[in-house]
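Enquirer: I'd like to ask some things about the structure below.
The values are calculated or read from the model by the stated rules, or taken from the named source; none is laboratory data. Not measured: the values here are computed from a predicted model. Positions of Cβ are backbone-derived with ideal geometry, glycine not excepted, and every protein chain shown enters the neighbour counts.
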């Protein structure tokens, strides 16, 4: 894992390692590549883009016998390594300085399965203790906090007796639902009964008439038996089994299936259960037993009574499920559509069964059952449709009539919880349409009537394993710079030994903190009553605004926030106070008991509401002008003028490590130290100093590493440290404040949503002449960095296009949401996405390809932008041409068009997108960096600098620079932590500029030391650097230096609207091909090719990791991740509340969202003269390239719309979720539900 560069921030790494370990432990034979990817699908990573993780574990897959038998047909030199992309021998050798390399360093050696299955390492390896496996089970009765009781009976009778004694007891197996309800939903269950050891509940009997399944059987065990049954019984008998197998494949992750039980899933009665509609459809029978041993049987169809209500008396339990074998000509099919394909709850799911009888001329429906989930408070049977179908001839007439009946059978109200009403309605019809085609294709006399192009509607989704390539040139400089070195913390991260803020042990007198938060979007605070909290267990103190020792006003740019709200709250989640207690849970419980009374005030909950109300942050209107836009529009130069709007959704950072700070006092409370998860330790120092009234010299913030940041820990982490510092300072005790995921997502802000209103003039040849753009971002309830983000969006609103006349006006909207903040790209992607939207619209207007329009309008070296900066060293054209050649764009277009012509219900699309990203903080004063370098007499070097390691490899690159500077091995350089008492006044680790700035500062310090050492070194020939260090020490040479760097030749004057805000630009381009299911909106990315100009990379392996990670994160923003707020578009959510405040509702990409072919190349032979060692910044520039996927999706939708004669341009908001894709694909189903211009709602 470490060697494959599969660990960046490292916070998720132990989880992946343990998932893989579990697979190897439980596999009797080497797993396949498909099994490996399946076992990892339940793990999430926000940094890597998953590809290197899959590559790392691919060595365990037996793809080629030669690799495991010890007999090879290739020479030893050729068999040194295994290509991570193919799993086959690779002859790459990175020792060649200018090698074109995929792997290298012999890191993938042929590995026998014996070496990895653990049998050779039993003394070192921690395995499940055999004595526990051999121990005779005994009944257990345990008591817990607050009177909680936990039982484990061994017999059915004991279980039934407990149910009599405790009628409200919750029966659990894996605790996958009840545990979430108790921990996250805070439901109180006083009695829990584990039924894992009751034999009658664990039966799995294959009988002549069907399969008996005990209620406590795990889903994974059921899956194994079903797969076995399918191979042993006649095909017609196992249609239900095959449907269950397919549905279980998409049911949560492997870890959940290993723990969750059949009965638990049934009795939870979730309205979106994946299995309950199938149990209903297949005619499953539920056997129920009561405390006296009386049993009864009920059909699954009659078991679900309402929301979370089932046909069970308080003294009854579900004993088993009976699954009957199917009859001949009985067909069962499963359906499910979710936001993300893997490990996601359904939007709508279904189970359908039809039993047909053959007559002389036709097939007649003898029996039917159709059940849906996600359309009612419980799984719902479409009884009217069932009654209609029985006795009817199975033909096209039946299909059309059944769809009409079904539309009236499944009713969804406009304000139905969960929203997406039109989409959910369409899915109920689409599923039946697919079912009809699937059944018909298996019937003689009917399948002939189905057009070949319609077969795509019923083709199952098959996902091959991920393949890819990483093509780069290694340009070594000294001992380490340019080498694809492994992340310095990777080995600690893969073993789980790397420490993060919350891992730091609290001292014995330490306290845990929890925030008291507003529950209103805008209100006057009438009173705050903490009396109930004070009586809560473990309570120590409640601290409000009146308790702040110094200034309660805070903010990163202007002081427009309050640490603790005083008279008013302006968003849900605003901090009102902080509670400290002896444990994390006790602190949260006490905080919830603080009673705040409010007087509601009007709230502004969208950009359009802000515009209509004139609600803008003060002094945030900005304007950039080039040429004369009005004159161009009026002169007649423009053959065409278009106007439109672009709505751009926000995005949650979803760093795996939530915000966390540990604060303590020293020397009698006169000093304050803290360890924080932050990108900006100096801001923590400043905030704490400010609210406590201490000089900054007495406040120290340290950061070892953070588990992801992406901009979300640049400013929004500081108020959390400040909140924790108040009780710590006043009580003179250590205080730790770590946010739970839901609170973190609710209160710390996201990527800004944007609204762009454009007017563009162009010629009939496609040449853009004028752009008039109004651009608004949703700043939330405080300014934070919203103005700087708006400014960068305005700078990047040309992307890479030469526009002679430009006027861009921007404003920051004040809304009653938590303050939005920095996120990878810092407004640049939003500005470029607006541009690409109108570029694609021009192409549609002129009936040209978007790629043609782009090429016509490309900027050239020497071009002067709308903000006055001249382009130098522009590599855009070379990148674009290399990408076009590598993907064979013309052929790709032909193949996609051919596929689309032969497939009515699956469509493919392609797109190419360029990017140009400016490197530097746009606030000039932030472009400075400091570093401290010590050389010790043993020849080792300690480096400290102001940058923070958050997975991007900053410490690794800086260490490489120091190693090359002193001509010593990388292993001789150590970077411990970032600390404000070592390097003062540091800028946040952001803007992609950290390697440039801190690398240059470290090099400056190294050069100072080298200059002092040089006279000594010139007198003697030393055998080692250590000898030289000792000699210098003897001569009393100072072996410590402070280095400093300022980015030269930058600056921008907003009064003039001209300047040079960026040191240089990083260029890139990407090609993507996608395939969509037009009936459900499902999609997958077939190909992604990326090429970037990174000059001479400091570490190409780390840079490739940044590119892949940024691309997948960008794919999430553009196609998966939707923030849903309580606003006018989502009235079923309480006003101002964030609905998508956890991984259950908010879906970041998983391993199965990675492109099937994922290729990354770095442009060769173009050193960057404006940064250290000719390198270029990489963190943010690749993010926008994921828009190639977005526009490929739009291209595929266009093909679907052409099928019904609609070739006009159409808007598509991001994220392009299944809802937006499906509802944009016009057909008879959608036309019966919505107009052709229907626009799914988006929180903007």
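Enquirer: Going by the conditions given, is residue 604 assigned to a loop (DSSP other than H, G, I, E, B) and surrounded by 14 or more Cβ atoms within 10 Å (Cβ to Cβ)?
Expert: Taking the combined requirement at face value, the residue satisfies it.
Enquirer: Would you point out which residue out of 940, 980 is closer than 27 Å to residue 709 by Cβ and more than 30 Å from the chain's Cα centre (by Cα)?
Expert: So the residue among 940, 980 that is closer than 27 Å to residue 709 by Cβ and more than 30 Å from the chain's Cα centre (by Cα) is 980.
Enquirer: Next question. Having 2 or more residues that are buried (at least 24 other Cβ atoms within 10 Å of the Cβ) and under 25 Å from the mean Cα position of the chain (by Cα) is the bar; report the strands (runs of 3 or more DSSP E) wholly within the range 642-738 that clear it.
Expert: Fully inside the range 642-738 and qualifying: 660-666.
Enquirer: Okay, next question. Among 1114, 1095, which is within 27 Å of residue 888 (Cα to Cα), assigned by TED's automatic domain parsing to the domain that holds residue 889, within 23 Å of the chain's Cα centre (by Cα) and surrounded by 24 or more Cβ atoms within 10 Å (Cβ to Cβ)?
Expert: 1114
Enquirer: Based on what the data block shows, is residue 171 at pLDDT 95 or above, crowded, with 17+ Cβ neighbours inside 10 Å, under 40 Å from the mean Cα position of the chain (by Cα) and not assigned by TED's automatic domain parsing to the domain that holds residue 265?
Expert: Answer is yes for this residue.
Enquirer: Can you tell me which residues in the range 297-314 are more than 21 Å from residue 168 (Cβ to Cβ) and in contact with a strand residue (DSSP E or B) (Cβ under 8 Å, 6 or more places away or on another chain)?
Expert: From the range 297-314, those more than 21 Å from residue 168 (Cβ to Cβ) are 297-302; that's our starting set.
Listed by number, the residues that qualify are 297, 298, 299, 300, 301.
Enquirer: Follow-up question, since we're still on this one. When you go through 380, 398 one by one, which is the residue that is in contact with a helix residue (DSSP H, G or I) (Cβ under 9 Å, 6 or more places away or on another chain), surrounded by fewer than 21 Cβ atoms within 10 Å (Cβ to Cβ) and assigned by TED's automatic domain parsing to the domain that holds residue 304?
Expert: One residue alone meets the criteria, 398.
Enquirer: Sticking with this structure for a sec: Condition check: over 29 Å from residue 617 (Cβ atoms), within 31 Å of the chain's Cα centre (by Cα) and crowded, with 22+ Cβ neighbours inside 10 Å. Does residue 581 satisfy that? Walk me through it before giving the result.
Expert: Working: over 29 Å from residue 617 (Cβ atoms): yes; within 31 Å of the chain's Cα centre (by Cα): no; crowded, with 22+ Cβ neighbours inside 10 Å: yes.
Spelling it out, it is not the case that residue 581 is over 29 Å from residue 617 (Cβ atoms), within 31 Å of the chain's Cα centre (by Cα) and crowded, with 22+ Cβ neighbours inside 10 Å.
Enquirer: Something else: Would you check if there is a residue in the range 1204-1216 being part of a helix (DSSP H, G or I), outside the structural domain of residue 421 (by TED's automatic domain parsing) and surrounded by fewer than 24 Cβ atoms within 10 Å (Cβ to Cβ)?
Expert: no
Enquirer: For residue 1041, are the conditions met, namely being in contact with a helix residue (DSSP H, G or I) (Cβ under 7 Å, 6 or more places away or on another chain), surrounded by fewer than 17 Cβ atoms within 10 Å (Cβ to Cβ) and modelled with pLDDT of 95 or more?
Expert: no
Enquirer: Among the residues of the range 990-998, are any more than 39 Å from the chain's Cα centre (by Cα) and touching a residue at least 40 places away in the same chain (Cβ under 8 Å)?
Expert: No, the range 990-998 contains no residue that is more than 39 Å from the chain's Cα centre (by Cα) and touching a residue at least 40 places away in the same chain (Cβ under 8 Å).
Enquirer: Further, regarding this structure: Quick one: which residue in 226, 248 is touching a helix residue (DSSP H, G or I) at 6+ places or on another chain (Cβ under 6 Å), free of Cβ contacts under 8 Å to residues at least 24 places away in the same chain and buried (at least 17 other Cβ atoms within 10 Å of the Cβ)?
Expert: 226
Enquirer: While we're here: Do we find a residue being in a loop (DSSP other than H, G, I, E, B), closer than 30 Å to residue 255 by Cβ, in contact with a helix residue (DSSP H, G or I) (Cβ under 9 Å, 6 or more places away or on another chain) and modelled with pLDDT under 95 anywhere in the range 320-340?
Expert: Yes, there is a match, as at least one residue in the range 320-340 is in a loop (DSSP other than H, G, I, E, B), closer than 30 Å to residue 255 by Cβ, in contact with a helix residue (DSSP H, G or I) (Cβ under 9 Å, 6 or more places away or on another chain) and modelled with pLDDT under 95.
Enquirer: Does residue 1142 satisfy the criteria of being in contact (Cβ under 8 Å) with a residue 24 or more places away in the chain and surrounded by fewer than 24 Cβ atoms within 10 Å (Cβ to Cβ)?
Expert: Working: in contact (Cβ under 8 Å) with a residue 24 or more places away in the chain: yes; surrounded by fewer than 24 Cβ atoms within 10 Å (Cβ to Cβ): yes.
For residue 1142, the condition - in contact (Cβ under 8 Å) with a residue 24 or more places away in the chain and surrounded by fewer than 24 Cβ atoms within 10 Å (Cβ to Cβ) - is met.
Enquirer: If you don't mind, there's one more thing I want to ask. Return yes when residue 1221 is under 30 Å from the mean Cα position of the chain (by Cα), closer than 24 Å to residue 751 by Cβ and either surrounded by 23 or more Cβ atoms within 10 Å (Cβ to Cβ) or outside the structural domain of residue 1121 (by TED's automatic domain parsing) (or both) and no when it is not.
Expert: Against the criterion (under 30 Å from the mean Cα position of the chain (by Cα), closer than 24 Å to residue 751 by Cβ and either surrounded by 23 or more Cβ atoms within 10 Å (Cβ to Cβ) or outside the structural domain of residue 1121 (by TED's automatic domain parsing) (or both)), residue 1221 qualifies.
Rundown of residues vs (1) in the same structural domain as residue 304 (by TED's automatic domain parsing); (2) farther than 30 Å from residue 1119 by Cα; (3) not in a helix (DSSP H, G or I), yes/no style:
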position: 367; (1), (2), (3): yes, yes, yes
position: 388; (1), (2), (3): yes, yes, no
position: 424; (1), (2), (3): yes, no, no
position: 433; (1), (2), (3): yes, no, no
position: 437; (1), (2), (3): yes, no, no
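Enquirer: So which residues in the range 420-478 are farther than 30 Å from residue 1131 by Cβ and without any contact (Cβ under 8 Å) to a residue 12 or more places away in the chain, if there are any at all?
Expert: Scanning the range 420-478 gives 444, 447, 448, 462.
Enquirer: Among the listed residues 1121, 1075, identify the single one that is more than 19 Å from the chain's Cα centre (by Cα) and under 30 Å from residue 459 (Cβ atoms).
Expert: 1075
Enquirer: Here's another thing I want to ask about it. Name every residue in the range 789-846 that is farther than 18 Å from residue 616 by Cβ and part of a strand (DSSP E or B), in order of residue number.
Expert: Answer for the range 789-846, where residues must be farther than 18 Å from residue 616 by Cβ and part of a strand (DSSP E or B): 801, 805, 806, 807.
Enquirer: Which condition number in (1) in contact with a helix residue (DSSP H, G or I) (Cβ under 9 Å, 6 or more places away or on another chain); (2) farther than 25 Å from residue 991 by Cα; (3) surrounded by 22 or more Cβ atoms within 10 Å (Cβ to Cβ) is the one that residue 1136 fails?
Expert: With (1) in contact with a helix residue (DSSP H, G or I) (Cβ under 9 Å, 6 or more places away or on another chain); (2) farther than 25 Å from residue 991 by Cα; (3) surrounded by 22 or more Cβ atoms within 10 Å (Cβ to Cβ) applied to residue 1136, the lone miss is (1).
Enquirer: Go through the range 612-627 and give me each residue that's surrounded by 13 or more Cβ atoms within 10 Å (Cβ to Cβ) and either without any contact (Cβ under 8 Å) to a residue 24 or more places away in the chain or assigned by TED's automatic domain parsing to the domain that holds residue 806 (or both).
Expert: The answer is 613, and nothing else.
Enquirer: Within the range 1150-1164, is there a residue that is over 25 Å from residue 951 (Cα atoms) and in a loop (DSSP other than H, G, I, E, B)?
Expert: Yes, that holds for at least one residue.
Enquirer: Then there is this: Can you find a residue that is farther than 30 Å from residue 989 by Cα, assigned by TED's automatic domain parsing to the domain that holds residue 910 and in contact (Cβ under 8 Å) with a residue 24 or more places away in the chain anywhere in the range 1165-1188? Quick ask: steps written out before the conclusion?
Expert: Step one: filter the range 1165-1188 for residues farther than 30 Å from residue 989 by Cα, giving none.
No: zero hits.
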